[in-house]
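Worksheet: the structure to be examined is printed underneath.
The values are calculated or read from the model by the stated rules, or taken from the named source; none is laboratory data. Just so you know, these numbers come straight off a predicted model, no measurement behind them. Because the Cβ atoms are built from the backbone with ideal geometry, glycine has one as well, and the counts that use them run over all protein chains shown.
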Amino acid sequence: MSGRELFLVGLSHKSAPIEVRERVALSGDALRSALHELRQMDGVQEAFVVSTCNRVEVYVQAEADEPARRFFTSRASEAGDHLYAKGGVEAVRHLFRVASSLDSMVVGEQQVLGQVKEAYGLASAVQAAGSYISRLCNRAFATAKRVRTETDIGRGATSMSQVAVELVQKIFGDLGGRAILLAGAGKMGALSAKALAGLGADRILVTNRSSERGLALAHQVKGTFREWEELPRLLVEADVVIVSTGAPSYVLGRDMVHAAMKARRQRSLCLIDLAVPRNVDPAAGRLPDVFAYDVDDMERVVEATHEARKSEALRAEAIVEAEVMAFAREREARAALPVLSQLRRRAEAIARAEAERTLAQVGGKLDEKGKKSVEAMAQAIVNKLLHGPTARLKEAASSGDGALAGAAAELFGIEEAPPAGNERGEAAPAEAHPRTPTAASNE
Amino acid sequence: MSVHILRIAAALYAGAAAAYIVYFARPRHGGAATAGFWLLAAAFAVNAVAFGVGCAEYGGLEFFSLRGGLVLLVWLASGAYLVLQRFYKVPTLGAFITPFTLVVLLPTLFGDPTHPEMAPAALRHPTLTLHVVTAVLGVALFGIAFGSAVMYLLQEREVKGKRFGALFSRLPSLDALDRMVQRLVRAGFVVYTVALVAGTITATAVWKSAWSWDPQQIVSLVVWFLYGAMVQLRHSGWHGRRYALLTLVGFVLVLGSMLSLKAVPGFTRHSGDYGLGPPAGGAQ
């Protein structure tokens, strides 16, 4: 098949180590000029580049994938060993899978769709992406949206701090008017506290055996430092307690928590124990209205999410496949449009001329209503006559059969290409496409 | 005639229940919850028409039978849920309330509805309607509080037991459920208080005595004290699991007493001849 096609050349976390990825990754002005450069290359009609920390992919509508390959090899010679290349439907499928987060490191993560959208926005801003890539990307976004709403691929927590957020949400809803207590200076603790602060907590309290490190930590998470000796009282003040100290034994014993619950009048208390060995006595977690979780509990949630996403990914793949096929069919159907519009335009011109001729002869004997019905009759004949052929041509084209369009063109003597710009801006890609009526009739 | 309209309403109630259950099973289909809401709203409206026609047919005293009382309970509970959904957005609660109302409604659709248990004319007093409607609305609100408390306990079991399954993701947060229970108990208590006051006024006028150790009166007072205590306990800081359990106990008592009192003929003056002696005409 001659003519232009979609080609993809790229590398990702699956094919290339970070050292290579970072050498070819681009953003901002560098990306803009790279797009210009691509667009200027021989045979490249349209182009866009997805560049994230996990992947760099160049999509071109061109005659071959050579320009896209050169994009990589000119930047890092060793990149050539890590490239994958796809063409036609394969390339379309790849983009749809990427946008739907099926190719991501963490399958189902949310960011990649935004990154692809950004990449498309940039490419169309510098006019590297035209109507073909615009249709392609919009279809990819629609596919990603379908995958997100029709499957549970985005559900569940994929990291410890996400698990903490989800748990706290199920206990308290949001944290408006509540306080988080961070006890101990473990790294995971600070991360979780920051994630939880996003739920609208009023304040973050920090306590640590060494007040020096505690103060530094309080500064880091924008909280207030309190002395370690105040811990029993802090358990009454805070609703979520994140414990991650290096202590070799339980820091929060059952009795301390029991006393705190009494003082709290049984208001729910959530204890998140990120320390190994554990800092919270399991017996404390069994007290009424206390909700305690340790590292194992949270790991289990993360694992369950990955398992669930694996099975959801299968359903997502089916959606992607359906969308890829639909996109390919639409493209074929578009190829039949010039013949159809030509045919209809010609028929309508004949009908109008004939109606005028008739009216010129007998129009004097007719009132306004009579003239109208002569014109309507001519139009109705055109519509009825063309209805069947129109439907069949569209059908043949969408099932990939271009021969019928060619035959129709020949039969009705439609040889010349349709005048440019009369197809609501969609004429350009149709012309660029190999299956113009004349090309089809040569098959 | 009214029973036919009521059957239409019942079909709509069933549709609403089905939609809410579908929503609960497949939370991704938010449209199911919307459909449930509007079906329930339609059922509520059609049920109101059935009441109007029923009042015209039976002289406005349909509610004195157990049958009428149950329909009124379903109607008011549905109305209360519609209001809750409108303001607090708790579509999962719908999956708990609507099937329950359907179960209550079903027995009323069968049997012979053309001869409802009529209340004697001597009982007619301006405060009687208020008494009946507020008493039933109070019970409806306690019923929804019961549903929310069940949801609380289910969710508590999930969260505390570290079972992060289907229920965990579908049910609202514990805090939201806890506050919902509290709101409903408080509102139910206020409405129930109005019912007791209106009942006392009616009793004074009709039975010539405000308090006659009638079993229904005793039970109502116990219920009133119980829910009053719950409102008070909340102020002194009762939360969570204990409070949800108390709500369950309260409603079981309400439902049990209501049904058992109606089941034993002549036990309470709130049924049969309403403590007014055999009717002169000998109807019934």
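Taking A:LEU102, is it in a loop (DSSP other than H, G, I, E, B), in contact with a Phe, Trp or Tyr (Cβ under 9 Å, 6 or more places away or on another chain) and either modelled with pLDDT of 90 or more or farther than 17 Å from A:LEU31 by Cα (or both)? Walk me through how you get there before you give the answer.
Values: in a loop (DSSP other than H, G, I, E, B): yes; in contact with a Phe, Trp or Tyr (Cβ under 9 Å, 6 or more places away or on another chain): yes; either modelled with pLDDT of 90 or more or farther than 17 Å from A:LEU31 by Cα (or both): yes.
It is true that A:LEU102 is in a loop (DSSP other than H, G, I, E, B), in contact with a Phe, Trp or Tyr (Cβ under 9 Å, 6 or more places away or on another chain) and either modelled with pLDDT of 90 or more or farther than 17 Å from A:LEU31 by Cα (or both).
What are the pairs with Cβ atoms under 7 angstrom where one residue, in the stretch A:266-293, is within 12 Å of chain B (Cβ to nearest Cβ) and free of Cβ contacts under 8 Å to residues at least 24 places away in the same chain and the other, located anywhere, is in a strand (DSSP E or B) and of a type in the set (D, E, K, R)? Sequence gap at least six, or different chains.
If the second residue must be in a strand (DSSP E or B) and of a type in the set (D, E, K, R), the pairs left are A:ALA292/A:ASP273.
Just to be sure before I move on: is A:GLU356 exposed (fewer than 13 other Cβ atoms within 10 Å of the Cβ), outside the structural domain of A:SER249 (by TED's automatic domain parsing) and acidic (Asp, Glu) in the structure I sent?
So A:GLU356 fails the test.
Suppose we filter B:ALA166, B:ALA198, B:ALA205 for residues that are assigned by TED's automatic domain parsing to the domain that holds B:HIS235, farther than 25 Å from B:VAL136 by Cβ and in contact with a helix residue (DSSP H, G or I) (Cβ under 9 Å, 6 or more places away or on another chain); which single one remains?
Result: B:ALA166 is the single residue among B:ALA166, B:ALA198, B:ALA205 that is assigned by TED's automatic domain parsing to the domain that holds B:HIS235, farther than 25 Å from B:VAL136 by Cβ and in contact with a helix residue (DSSP H, G or I) (Cβ under 9 Å, 6 or more places away or on another chain).
Test B:LEU93 against the stated conditions and say whether it is surrounded by fewer than 17 Cβ atoms within 10 Å (Cβ to Cβ) and either of a type in the set (Ser, Thr, Tyr) or modelled with pLDDT of 75 or more (or both). I'd like the intermediate steps shown before the answer.
Values: surrounded by fewer than 17 Cβ atoms within 10 Å (Cβ to Cβ): no; either of a type in the set (Ser, Thr, Tyr) or modelled with pLDDT of 75 or more (or both): yes.
For B:LEU93, the condition - surrounded by fewer than 17 Cβ atoms within 10 Å (Cβ to Cβ) and either of a type in the set (Ser, Thr, Tyr) or modelled with pLDDT of 75 or more (or both) - is not met.
Of everything in the stretch B:192-238 that's more than 24 Å from the chain's Cα centre (by Cα) and under 30 Å from A:GLN266 (Cα atoms), which residue is farthest from the other protein chains (Cβ to nearest Cβ)?
By that ranking, first place goes to B:HIS235.
Given the criterion closer than 24 Å to B:LEU255 by Cβ and more than 14 Å from chain A (Cβ to nearest Cβ), identify the matching residue among B:VAL185, B:VAL181.
Of B:VAL185, B:VAL181, the one residue that is closer than 24 Å to B:LEU255 by Cβ and more than 14 Å from chain A (Cβ to nearest Cβ) is B:VAL185.
Would a scan of the stretch A:188-201 turn up a residue that is surrounded by fewer than 18 Cβ atoms within 10 Å (Cβ to Cβ) and either acidic (Asp, Glu) or free of Cβ contacts under 8 Å to residues at least 12 places away in the same chain (or both)?
Within the stretch A:188-201, not a single residue is surrounded by fewer than 18 Cβ atoms within 10 Å (Cβ to Cβ) and either acidic (Asp, Glu) or free of Cβ contacts under 8 Å to residues at least 12 places away in the same chain (or both).
Can you pull out every residue in the stretch A:74-99 that is outside any loop (DSSP other than H, G, I, E, B), crowded, with 18+ Cβ neighbours inside 10 Å and not small (Gly, Ala, Ser)? Give the steps one after another, and end with the answer.
Residues of the stretch A:74-99 that are outside any loop (DSSP other than H, G, I, E, B), as a first pass: A:77-82, A:84-87, A:89-99.
Keeping just the survivors that are crowded, with 18+ Cβ neighbours inside 10 Å gives A:79, A:82, A:86, A:91-99.
Hits for the stretch A:74-99 are A:HIS82, A:LYS86, A:VAL92, A:ARG93, A:HIS94, A:LEU95, A:PHE96, A:ARG97, A:VAL98.
This table checks each residue for (1) touching a His at 6+ places or on another chain (Cβ under 6 Å); (2) modelled with pLDDT under 85; (3) surrounded by 15 or more Cβ atoms within 10 Å (Cβ to Cβ); (4) outside any strand (DSSP E or B).
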{"residue": "A:ASP42", "(1), (2), (3), (4)": "no, yes, no, yes"}
{"residue": "A:GLU57", "(1), (2), (3), (4)": "no, no, yes, no"}
{"residue": "A:ARG69", "(1), (2), (3), (4)": "no, no, yes, yes"}
{"residue": "A:PHE72", "(1), (2), (3), (4)": "no, no, yes, yes"}
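Report, by residue number, each residue of the stretch B:164-178 that is outside any loop (DSSP other than H, G, I, E, B) and at the interface with chain A (Cβ under 10 Å from one of its Cβ atoms). Step through it out loud before you land on a result.
We begin by selecting, within the stretch B:164-178, every residue outside any loop (DSSP other than H, G, I, E, B); these are B:166-170, B:174-178.
Once the filter is applied, which keeps residues that are outside any loop (DSSP other than H, G, I, E, B) and at the interface with chain A (Cβ under 10 Å from one of its Cβ atoms), the stretch B:164-178 yields B:PHE168, B:SER169, B:LEU174, B:ASP175, B:ALA176, B:LEU177, B:ASP178.
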